[in-house]
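Since every read-out is calculated from the coordinates, none of them should be taken as a lab result. This structure is a prediction, so every number in the text was calculated from the model and none was measured. Using ideal geometry, Cβ is built from the backbone for each residue, glycine included, and neighbour counts are taken over all protein chains shown.
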Amino acid sequence: MSQPYNFGDQGNEWNSSNSQPASNPFNSASYPPVHGTSGVSGADVPYATPEIAPQYQSPSGAYPLNPAFADMQSTPSSFMHQQPFHSAMVPMQPGYAVPVVQKSWVVTLVLAFFLGGWGAHNFYLGNNGRAFAQLALTVLGILTSILVVGIFLLMIVGVWVFVEIIMTLTGAGGYDTDARGVLLLR
């Protein structure tokens, strides 16, 4: 049987009985492990070879991608959404102010009086958190009014709306402005 592996002029041939080289000038026990050999003993790799990083290619293959920014370079359309445009970076031109539309104080009072339990006046002013809370308590109160609990919920909403009507009439507690801070038109 011929020897299948020959290292040429080094003279190291494999022993077919135990798959080890006949003589090993690079004994792995006498040398520390070499970086980049991935656990391969020194007998198999006489010279250390560094690990080669995988090569990243663009989807079209036109240019190589940087692996640190691979998530941003995955598609060409992702470049368009990298950084938002901030209007504070562009100076405002004097004399071109955006007109502010004022909400009506009378409309606010009429909505609060007739549809206050549903939160209509707060939706009108842009106070959506309060409006959804009033709407939810009113709907829950109506659905549970058969069980006496709903009557108490409706009474709570009624007192809440009454206080808001008084505060809107007097302009106290921020009820003279809408959610943007613009004064109500009287």
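Things to note:
- Unique residue being touching a Gly at 6+ places or on another chain (Cβ under 7 Å) and farther than 20 Å from residue 186 by Cα when the list is 148, 157, 98, 139: 157
- Of all residues in segment 177-186, those that are surrounded by 15 or more Cβ atoms within 10 Å (Cβ to Cβ) and touching a Ser or Thr at 6+ places or on another chain (Cβ under 8 Å) total 1.
- Members of segment 139-186 found to be closer than 14 Å to residue 122 by Cα and among the polar types (S, T, N, Q), listed by number: 168, 177
- Candidates 168, 144, 138, filtered to the one that is in contact with a His (Cβ under 8 Å, 6 or more places away or on another chain) and polar (S, T, N, Q): 168
- Filter result (closer than 12 Å to residue 117 by Cβ and surrounded by fewer than 18 Cβ atoms within 10 Å (Cβ to Cβ)) within segment 136-153: 136, 139, 140, 142
- Among residues of segment 97-123 that are touching a residue at least 40 places away in the same chain (Cβ under 8 Å) and over 17 Å from residue 135 (Cα atoms), those with a beta-carbon under 9 Å from a residue that is surrounded by 13 or more Cβ atoms within 10 Å (Cβ to Cβ) and among the charged types (D, E, K, R) at least six positions away or on a different chain give the pairs 102/178; 103/178; 105/176.
- Subset of segment 164-186 [free of Cβ contacts under 8 Å to residues at least 12 places away in the same chain and assigned to a helix (DSSP H, G or I)]: 166, 167, 170
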